[in-house]
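A short write-up of the structure that comes next.
The values are calculated or read from the model by the stated rules, or taken from the named source; none is laboratory data. This one's a predicted model, so the numbers in the text were calculated from it and none came from an experiment. Glycine also receives a Cβ, built like all others from the backbone with ideal geometry; neighbour counts cover every protein chain displayed. Each accessible area value is taken on the protein alone, full model and side chains, heavy atoms only, with ligands, DNA and RNA left out. Shrake-Rupley method; radii C 1.70, N 1.55, O 1.52, S 1.80 Å.
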Amino acid sequence: MSILFRGGAVATEIETKIADLLVIGDKITTIGVDLPVLDAKVVDCDGLILLPGGVEPHAHFSLPMFDTISSDNHFTGHRAAAFGGTTTVMDFTSQSPGDSLQQSIDLSRSKAAEMAAVDYSFHVNVTDFSDNIEREIPRLPSQGLTTLKVFTAYNGRLRISNEEISKVLHIATENGMLVMIHIEDGDEIDSLVERALSDGYTAPIWHARTRPAHGEALAGRRAIEIAESSKASLYIVHITTAGLLNQINSGRKRGVSVMSETCPQYLFFTEEDLLKPDGANWVCSPPLRTVDDNEALWQGLSDGSIQTVGTDHCPFFADGETAIEYDGQQLTIPGKELGKSDFTRIPNGLPSIEHRMSLLWTFGVSAGKLSVQRFVELTATNPARIFGLYPRKGTLLPGSDADIILWDPSRKHTIGVTSSHMRTDHELWEGFEVEGYPVQVYLRGCLLVDGDKWLGKAGFGQFLHRQTNAQVL
Ligand code: URP
Ligand code: ZN
Ligand code: ZN
């Protein structure tokens with residue numbers, strides 16, 4: 001089956017040009033002017049922009065947390081991603097204490113295989129390091145798994161020591177892999193939480209007040225120094241503060257290969273949101289910060305010091321005791337109410353995967369903060385490059401997968417829980433007007449989303465074998 005996308009504005013990380021784009025089977029074969037139709041189905045793209053399918057570097061589906069799990073699974077989360085223009089999603093394996101990495105990989109892969117609706121991969125969490133894990137890491141690239149994630153917070157649960165982080169960086173570098181890191185100061189958080197609870201402070205705002213901005217900057221500085229002395233590359237997930245961005249910039253200036261990601265919530269919301277009556281809905285880690293931080297992050301996106309926008313999508317119901325109707329069924333999943341009398345029991349995380357592209361387009365490109373090329377880099381090309389998927393994903397080139405978004409820059413959409421496809425009962429951007437939205441979404445040449453219609457199916461998403469020694473940006 002061939003499709004000729006006729007006369008759209010083909011936008012890549014390099015340029016935007018009016019052209020025809022021919023897809024044969026699952027690949028883009030030709031981009032040019034006045035291509036012959038032959039036996040192709042013609043799609044008129046006049047007035048539309050052709051974008052590469054979005055590449056989401058950071059999401060959590062069915063992630064166990066406290067007494068529940070994040071409420072999107074690999075099908076519902078992938079479908080929501082596709083409606084927003086994202087056709088490749090990476091999430092994380094969860095290592096249980098004492099288990100091998102392989103056990104967590106097998107579990108994640110078996111959960112995802114039948115549900116995946118877009119193409120996908122996993123980053124491998126290393127949360128219980130040992131000699132066995134040290135021996136196991138070099139075996140991961142042959143399975144197409146080339147990224148590891150470590151934490152400097154969540155003491156006693158996910159955190160490993162700085163010495164262990166340094167070892168992970170060494171092994172990763174020797175094997176052409178990349179280490180991702182969640183940066184917060186776990187020790188300071190624990191002592192502030194203990195003091196807050198003993199003083200009787202239990203409201204959601206204390207989630208933010210016990211995870212201060214300076215802790216992110218200090219822990220970031222230490223991690224960058226460890227990467228520097230290990231001569232390793234490092235990718236810092238979900239950065240939230242001007243302070244950490246300054247540390248990253250000074251590391252990059254002295255030649256450290258440190259890259260970073262931020263997320264939509266850190267561009268739009270602040271700690272003040274945790275003071276609202278529904279403050280628990282705004283609890284994520286690291287927490288929301290200040291307007292000055294929002295602005296510094298926008299600046300980092302536009303000047304190139306931040307390389308990607310991921311979402312850290314990790315939704316929980318606001319009220320997991322009241323059923324919602326979803327896919328024609330009544331559904332409850334315990335959620336934020338678990339922490340109604342103790343902020344430390346509020347599941348951490350927010351729903352956002354569906355809105356990454358439209359928010360960044362409206363408030364980035366249309367607002368004059370980002371060029372179209374920068375938008376493509378942040379949402380597709382750079383995550384594909386950094387995580388070993390380029391040029392199969394993240395661009396529109398002959399030979400690339402035909403993951404194509406027909407983007408209507410004038411299509412308006414009001415974000416709201418009733419129109420959202422994410423499996424949760426609330427919407428943080430409720431009422432936000434976006435202008436610029438997908439009208440059709442193709443994955444490997446197959447139409448997944450046509451306007452408001454879902455044409456994809458569970459199991460169509462393919463596991464992606466990623467390359468080692470990917471680009472450092
Ligand atoms: O609050 C968040 N971000 N939950 C997901 C887990 C993580 O730390 O990324
Ligand atoms: Zn994290
Ligand atoms: Zn995360």
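So the values come out like this:
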item: Subset of the range 350-369 (residues that are open to solvent by less than 10 Å² (accessible area, probe 1.4 Å) and more than 16 Å from ligand 3 (Cβ to nearest atom)); result: Glu354, His355, Met357, Ser358, Leu359, Leu360, Gly364
item: Test: residue in the range 72-81 that is surrounded by fewer than 20 Cβ atoms within 10 Å (Cβ to Cβ), assigned by TED's automatic domain parsing to the domain that holds Val283 and under 28 Å from Tyr154 (Cβ atoms); result: yes
item: In the range 232-249, residue surrounded by the most Cβ atoms within 10 Å (Cβ to Cβ) [restricted to those that are over 15 Å from Met180 (Cα atoms) and away from ligand 3 (no atom under 16 Å from the Cβ)]; result: Gln247
item: Total residues in the range 329-363, condition touching a strand residue (DSSP E or B) at 6+ places or on another chain (Cβ under 7 Å) and not in a loop (DSSP other than H, G, I, E, B); result: 10
item: One residue from Phe92, Phe66, Phe61 being on the phi > 0 side of the Ramachandran plot and within 16 Å of ligand 3 (Cβ to nearest atom); result: Phe66
item: So Leu288, is it within 16 Å of ligand 2 (Cβ to nearest atom) and within 17 Å of Glu184 (Cβ to Cβ); result: yes
item: Extreme residue, nearest to the chain's Cα centre (by Cα), among residues of the range 26-51 that are of a type outside the set (Val, Ile, Thr) and under 23 Å from Thr381 (Cβ atoms); result: Leu51
item: Enumeration of residues in the range 257-279 that are in a strand (DSSP E or B) and more than 26 Å from Leu234 (Cα to Cα); result: Thr270
item: Qualifying residues in the range 109-129 (those that are polar (S, T, N, Q) and open to solvent by 10 Å² or more (accessible area, probe 1.4 Å)) - the one farthest from Phe83 (Cα to Cα); result: Thr127
item: Residues of the range 45-54 satisfying the condition of being out of contact with any helix residue (DSSP H, G or I) (no Cβ under 8 Å at 6 or more places or on another chain) and either open to solvent by less than 10 Å² (accessible area, probe 1.4 Å) or within 11 Å of ligand 3 (Cβ to nearest atom) (or both); result: Cys45, Leu50
item: Test: residue in the range 241-252 that is within 16 Å of ligand 1 (Cβ to nearest atom) and touching a helix residue (DSSP H, G or I) at 6+ places or on another chain (Cβ under 9 Å); result: yes
item: Residue match in the range 55-69 (condition: in contact with a Lys or Arg (Cβ under 8 Å, 6 or more places away or on another chain), outside any strand (DSSP E or B), open to solvent by less than 10 Å² (accessible area, probe 1.4 Å) and away from ligand 2 (no atom under 16 Å from the Cβ)); result: no
item: Search result, residues across the range 3-23 that are surrounded by fewer than 16 Cβ atoms within 10 Å (Cβ to Cβ) and either among the hydroxyl-bearing types (Ser, Thr, Tyr) or assigned to a strand (DSSP E or B) (or both); result: Lys17, Ile18
item: Residues of the range 301-349 satisfying the condition of being of a type in the set (Lys, Arg) and open to solvent by less than 10 Å² (accessible area, probe 1.4 Å); result: Lys336
item: The one condition in (1) more than 14 Å from ligand 1 (Cβ to nearest atom); (2) without any contact (Cβ under 8 Å) to a residue 60 or more places away in the chain; (3) part of a helix (DSSP H, G or I) that Gly200 fails to fulfil; result: (3)
item: Residue that is touching a residue at least 60 places away in the same chain (Cβ under 8 Å) and within 15 Å of ligand 1 (Cβ to nearest atom), where the choices are Thr87, Thr68, Thr29; result: Thr68
item: Residue satisfying condition, being within 30 Å of Pro277 (Cβ to Cβ), open to solvent by less than 20 Å² (accessible area, probe 1.4 Å) and at pLDDT 95 or above, within set Ile181, Ile205; result: Ile205
item: Members of the range 445-463 that are in contact with a strand residue (DSSP E or B) (Cβ under 8 Å, 6 or more places away or on another chain) and surrounded by fewer than 21 Cβ atoms within 10 Å (Cβ to Cβ); result: Gly445, Leu447, Asp450, Gly451, Trp454, Leu455, Phe460, Gln462, Phe463
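This table checks each residue for (1) farther than 30 Å from Val449 by Cα; (2) within 16 Å of ligand 2 (Cβ to nearest atom); (3) at pLDDT below 95.
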site: Thr87; (1), (2), (3): no, no, no
site: Ser108; (1), (2), (3): no, no, no
site: Val118; (1), (2), (3): no, no, no
site: Thr127; (1), (2), (3): yes, yes, no
site: Asp131; (1), (2), (3): yes, no, no
site: Gly144; (1), (2), (3): no, no, no
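Quick grid of which residues meet (1) in contact (Cβ under 8 Å) with a residue 24 or more places away in the chain; (2) assigned to a helix (DSSP H, G or I); (3) open to solvent by 30 Å² or more (accessible area, probe 1.4 Å):
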{"position": "Ile189", "(1), (2), (3)": "yes, yes, no"}
{"position": "Arg211", "(1), (2), (3)": "yes, no, no"}
{"position": "His214", "(1), (2), (3)": "yes, yes, yes"}
{"position": "Arg222", "(1), (2), (3)": "yes, yes, yes"}
